[in-house]
Amino acid sequence: MPYDGRFAGDPLNVLSGVFGHAGFRGRQEEVVRHVAEGGSGLVLMPTGGGKSLCYQVPALCRPGIGVVVSPLIALMEDQVAALRQQGVAAAALHSDLPEGEGRAILRDLHDGSLKLLYVSPERLVLEGMLNRLEGLPVALFAVDEAHCVSQWGHHFRPEYRGLGVLSERFPRTPRLALTATADPRTVEDIRAQLGLQDDPVFRGGFDRPNIRIEAAPRESERSQLRALLKEHAGQPGAGIVYCGTRARTEQTAEWLRADGHDALAFHAGMDAAAKREAHRRFARGDAVVMCATIAFGMGIDRPDVRWVAHLDLPRSPESWYQEIGRAGRDGLPARALLLYGAGDIALARHRIEDSPAGPEQKRIERQRLDAMVAIAEAATCRRRLLLRCFGEDAPTETCGNCDVCLAPPRLFDGTVAAQKLLSAVLRTGRRFGVAHVVDVLRGRMTEKVAQFAHDRLPTFGVGKDLPDTAWRSVARQLVARGALDVAVENHGELVPTDAARPILKGEEKVLLREEASRPATPRGRAMAGAPAASGDPLFERLRDWRRAEAQAQAVPAYVIFQDRTLAEIAAARPRTLDQLAAIPGVGATKLQRYGAAVLKALAD
Ligand code: ADP
Ligand code: ZN
């Protein structure tokens, strides 16, 4: 049943009638009205901020077809499946389509029976395609993941460059670019490339208060990850583990599978078919754990990613923010856990120095890394530090939903500890890694200590007052502040830098964070605030029904109804179609299609 224009014209009617939402969020309404009236512009909103509606609603309000450029086939297909569920005639045109299907879509395009067409950038800019569109009423062009147009960012896609032609060929048609990247240079680049210099930029708030942010030194990666998984055991929703290397994605997926999890690996070295299959399984499965490099990013549309863990330090707050933003798009509580070590920090610094980039680029990369390290090592609210990277001031000193706010670390004067560690490094000849240096400090008579006669050093045993973990933490914090370097390309030996001198001379005070042996998270709060956790029999029954329905239609479960909607239905227990229609997420088409089945499932 194609969308018949019943609600056309008024954005609010379209929003509630077609999508079943009670109201717009943030700046959505402003954008929607601007575009519905024929304006162009750029939308900067965090992942999960609700960018899709910014072009979907105006496309339905305006006459003609909405053309959406999207970089990833899997993403297009899921969006199309979701729109069809809502009764909107939508299709995706890309290179992977069987001949006949492509032709059928073009026929529908000319009939005027399509309302939204998703198309890959290379397909759109073909002369034949542009000519076709010129002969048709086009409601708008939307360029999703618009940062792909910029060489400046990390996701440049050459096919996106050709999109500049849209402003020349369709000067009177609204063009809306959308991205979650807020980096000022990328933003200017997008505007220049897409001819949007004179159009407004809509910047949505970047805070994602439902994501709990945590960071911890990587002590034992597996047990730290196991603890996180345990808190989510038996709950619906997926998780993502970001790893620094391809090999690590595969190793991690392997031990997680051995632990009994449905874990997959994803990285850029896999062939196209394997990547598509991984995307598909991630979208369709329930409690899937995806172990991936940052190549796994675009096209993750799942609203119920419950947690994102990083096993290695991300290169900038921007990329970390994008990656953790994939959690909790449904607005329910979600978690972001960052694990990192001194070696990560040193390695990232060396990579920047050794890269062929120019001095200006290196300076910027260094700043980004330092900002990331500051967040990882923070003694004050991490969310506040993160938001500041996007030019946003957090409304309060403490967010109440990061590990620092929930359990503030104690600071202590670590000047003497830092001096002891630095002199142990110097006296052992800058040739040893942290393990041996700690042995010397603790006064342990190991083989290595005997071999090098380090028990005769004056620093031997001066650190008996602190446990090993505390010493490792002192070393890491000295690396973080740049007083120590780690020779990651060699054997990880510690090397003091110039910044160590004032500390050794007692000219600089060193405040250190006490690494309390507290659990990374307060227990039992993982899903606090969720309208219904798994275990509620009504919610489970609705999920069973949804699973069967999704399987029968071969679509992801969440395009039928999201967890959040099912939870609200379970809580409200509607007995009539009218009562059901009042629940957010239940639009007209879904009511008609599934209303009776949902009521029956509730009554059974
Ligand atoms: P983005 O593309 O910005 O990452 P989406 O457009 O996928 O985000 O939206 C994220 C989630 O928020 C989706 O599950 C969507 O249904 C929901 N959402 C967006 N706008 C609204 C709204 N006005 N009311 C209720 N839910 C919304
Ligand atoms: Zn906080």
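The values are calculated or read from the model by the stated rules, or taken from the named source; none is laboratory data. Note that the structure is a prediction, hence the values are computed from the model and not measured. Note that we place each Cβ from the backbone using ideal geometry, even for glycine, and neighbour counts take in every protein chain shown. Keep in mind that these areas ignore ligands, DNA and RNA; they rest on the heavy atoms of the full protein, side chains included. Shrake-Rupley method; radii C 1.70, N 1.55, O 1.52, S 1.80 Å.
Going by what's in this entry, would residue 430 be described as in contact with an Asp or Glu (Cβ under 7 Å, 6 or more places away or on another chain) and surrounded by fewer than 21 Cβ atoms within 10 Å (Cβ to Cβ)? Taking the combined requirement at face value, the residue satisfies it. Within region 320-371, being in contact with a Ser or Thr (Cβ under 9 Å, 6 or more places away or on another chain), in contact (Cβ under 8 Å) with a residue 40 or more places away in the chain and open to solvent by 40 Å² or more (accessible area, probe 1.4 Å) holds for one residue alone: 329. Could you please tell me which pairs satisfy a Cβ distance under 7 Å, a separation of 6+ or placement on different chains, a first residue in region 24-37 that is in contact (Cβ under 8 Å) with a residue 60 or more places away in the chain, and a second residue that is within 13 Å of ligand 1 (Cβ to nearest atom) and β-branched (Val, Ile, Thr)? Taking only residues 6 or more apart or on different chains, the pairs are 31/43. The residues on offer are 177, 215, 146, 139, and the sole one that is among the small types (Gly, Ala, Ser), within 16 Å of ligand 1 (Cβ to nearest atom) and out of contact with any Ser or Thr (no Cβ under 6 Å at 6 or more places or on another chain) is 177.
Scan region 383-428 residue by residue and report those that are assigned to a strand (DSSP E or B), away from ligand 2 (no atom under 12 Å from the Cβ) and not aromatic (Phe, Trp, Tyr).
411, 413
The condition of being modelled with pLDDT under 95, within 16 Å of residue 324 (Cβ to Cβ), open to solvent by less than 60 Å² (accessible area, probe 1.4 Å) and not assigned by TED's automatic domain parsing to the domain that holds residue 555 holds for only one of 239, 297, 285, that being 297. Among the residues making up region 25-37, those that are modelled with pLDDT of 90 or more and either within 11 Å of ligand 1 (Cβ to nearest atom) or not aliphatic (A, V, I, L, M) (or both) are 28, 29, 30, 32, 33, 34, 37.
A search for C-beta distances below 6 Å between a residue of region 169-183 that is under 13 Å from residue 318 (Cα atoms) and any residue that is of a type in the set (Val, Ile, Thr) and within 13 Å of ligand 1 (Cβ to nearest atom), counting only pairs 6+ apart in sequence or on different chains, returns 180/47. In region 300-339, which residue that is at pLDDT 90 or above, among the basic types (Lys, Arg) and over 20 Å from residue 182 (Cβ atoms) is nearest to ligand 1 (Cβ to nearest atom)? Looking at the filtered set, the residue picked out is 306. Can we say residue 581 is open to solvent by 70 Å² or more (accessible area, probe 1.4 Å), more than 26 Å from the chain's Cα centre (by Cα) and either farther than 24 Å from residue 75 by Cα or not assigned by TED's automatic domain parsing to the domain that holds residue 306 (or both)? No: the conditions fail for residue 581. Exactly one residue out of 39, 26 is under 28 Å from residue 323 (Cβ atoms) and in a loop (DSSP other than H, G, I, E, B): that is 26. Taking the condition assigned to a loop (DSSP other than H, G, I, E, B) and open to solvent by 30 Å² or more (accessible area, probe 1.4 Å), does residue 302 pass? For residue 302, the condition - assigned to a loop (DSSP other than H, G, I, E, B) and open to solvent by 30 Å² or more (accessible area, probe 1.4 Å) - is not met. Listed conditions (1) assigned to a loop (DSSP other than H, G, I, E, B); (2) free of Cβ contacts under 8 Å to residues at least 60 places away in the same chain are all met by residue 312, apart from (2). Of all residues in region 174-184, at least one satisfies being open to solvent by 20 Å² or more (accessible area, probe 1.4 Å), under 29 Å from residue 327 (Cβ atoms) and in a helix (DSSP H, G or I).
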